[in-house]
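One structure below.
The values are calculated or read from the model by the stated rules, or taken from the named source; none is laboratory data. This is a predicted model, so every value here is computed, not measured. Quick reminder, even Gly has a Cβ in these numbers, built from the backbone with ideal geometry, and neighbours come from all protein chains shown. Just the protein is used for accessible areas: all its heavy atoms, side chains included, with ligands, DNA and RNA removed. Shrake-Rupley method; radii C 1.70, N 1.55, O 1.52, S 1.80 Å.
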Amino acid sequence: IAYGKVGAGFFVDLLETRRSSVAGSIVAELLRGARVVVVQTMSVRAEKNALCRNRCGTTTCADGETFEDALSAASDAKRAEAMKESREAWISSHVRLLELAGEVREESVARSVVLLSFASPKEEVTEEMVDRVVAGAPKDTGSGQLRWHFLKVPRYESDPTQHLVLGPHACTGDKRTCRRLPDGKLCTVPSDDIDCDCGAVKLDAFATARQHLMAGAKLESALMLENDQHFVDSKVKPDASVEGVKMQFFMMLTKGQASRESRIPVISIESACKNNPGAQFYLYVPRGASVSFEPSLLDEIANGGCFIERVSFDYFSFFVGSPLESWLSKNLKDLRKGQYWYSHATDLFRTVALWRFGGWYLDTDVLVLKPLGGFSNTVAWEGPNRPLVNNAVSVFARQSLLMREIMHHITIAYKKKDWISAGPGAITTTLVRWPRKNCADPDCIHILSNRAFFPIAHFEPLFRPDVGDDEAARLLDGAYCIHLW
C-alpha cells in the first residue's frame, strides 16, 4: 500500500469514507485478494496540519497553495508546530491503516500484514514514530489467524558491481521494442533513449527500483520461512526428518589436486558423505582437465558409508539430448573464449545434470554440516541484502520444468561477460516469474532464507581470534552447509 507522494491518511480516507469510489473499491479489492499486505510507511509531509488542514499530497494544500510556500510563510514556531501535528497525524493514520487492513482481512485470504519502513536520510520518520505505530497496531483480529510484522530496510549502499538481470520483455522506454545490447553493456541511466535492455540494469542507476528490489528480497529471505514468521503453511517447509530417501549428488571439478594433506577439492563430497550415509556421489571431471587425486583417497572417503564414482567425460557429449544441445553446438567454441567460462561451464553442467537425473548439486567448495534428507525442489537466497538465488546448493526432481525453463532463458539471454549469467542470474530471473513458489503443490519451488545454505558470505569470520564458539554457533544457527567462497 503506497502510491506516489501521498500520505497514509489518503488510504484511510479511501477505505473509510470513499470505499465505493473507483480508487477506494480497487484498494479494498486488492486487500481482499492479497495473502500478504505490505504497508509502506509514507511521507510525514503528506499528512494534514495547521497549515494544510485537508490534503493528500506532499506538494499542495487543498486551496492549491504549495506546501513549501505555506511553510516558508509561517513563523518558526508555527512551522515547528505544523510539522509536529503532521507527525502525530502520520502516527494515527498508519495505526488506523493497519486496523483497516485487519478489518478487510476478515473478508479476504490475507495471513500477514507487514509494516515496511525504509531508512532514508530525506524522510522525517523516526524510529520512535515507527515504534508508536507498531505498539498501536491491533494485536488480535478476532480470527486469530493474522500475523503482524515490522520490517526495516536499511538505505541501499552503493555497489557498482550489482545489477539486475532482466527478461526479454523488460523494456524501459516508450517505444516498447526490444533490441539486443552488446555483450556486457548495462543500462546506467533511466533515459527515454533506452528502448529496451534485454540483459541487465545497474542497480546504482535506479534508486527507487533498487530500494524496492532490496526490500522484496529482504521480505522473502527474512520472513518467508523463518520460524513462525513464514507466510505459507508450515507443512510446505522441507521436512528434513524423512528417512530412507535415496539420495544422489552431482559435482563437476575442472581443476585442482586433492591429497590427504590438501583436501579442498573434495570437502563437499567428504562432508556430505559423513552426514548422508548411503548416498551416491558422482564427481564429473571433463577430459583434459587439470585434476588429480591421491591414490585411494576417494575410497577412504567412501568408507564412511557412501558410494563415490569419478566420471571422466566429454563435456559437449553430456549435453546431447538436452534443450541446450543445439545452442551449445553452435556457440561452444566462442563460449570457451569468455573470461568467465570456468564458472559458466559448471553452471551449464549443473542445470542439465539436475534436469536429466534429479538430485543434489553441490559446488566443490561447499561444506555440509547436517543431513540433507527430505528436501525437494529447493534453493536459497544468497544473502539478506543481495537479491539473488544462489544455486551452488540446490536439489530438484528429475525433468524439472524449472530446469527446462532456465535452459530456455540461457539460450536467449546468456552473456559471456556476465559472471552470473548462466548461474544465479538465470535461476533468479526465471523464479521471479515462476508461478508456483513456496506452496503445497508437489512441483512447487521452495526458496529458503540464506541461513539454510549460505549463512555467511565468507568462511574467514569463523576463524578470527575474536570469534568464540558461541559466536560461531550463532552464525551457523539453522545452517545445513557453508559456501566457503
Distance in Å, no decimals, from the C-alpha centre of segment 421-485 to the one of segment 245-282 is 19
Sulfur and carbon atoms: percent of accessible area, segment 420-483 [1.4 Å]:
55
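Too long at a 25 Å Cα-Cα cut-off: which of 370/417; 333/417; 330/415; 333/415; 255/437; 416/437? Intermediate results must be reported in sequence, preceding the final value.
On the way: 370/417 36 Å; 333/417 15 Å; 330/415 15 Å; 333/415 15 Å; 255/437 36 Å; 416/437 29 Å.
Correct reply: 370/417; 255/437; 416/437.
If you take the beta carbon distance between residue 84 and residue 464 as r and set R0 to 45 Å, what does 1/(1 + (r/R0)^6) give as a FRET efficiency, to the nearest 0.05? The partial results should precede the final answer.
Details: r = 47 Å, r/R0 = 1.04.
Result of the calculation: an efficiency of 0.45.
How would you rank 410-416, 447-453, highest first, on the average number of other Cβ atoms within 10 Å across their residues?
Details: 410-416: 19.1, 447-453: 23.6.
Most protected by this proxy first, the peptides run 447-453, 410-416.
If I stretch the segment between residue 30 and residue 472 completely, what's the gain in nm (0.36 nm per residue apart, minus their alpha carbon distance), one decimal?
Working: separation 442, 0.36 × 442 = 159.12 nm, distance 4.38 nm.
The span from residue 30 to residue 472 would gain 154.7 nm if fully extended.
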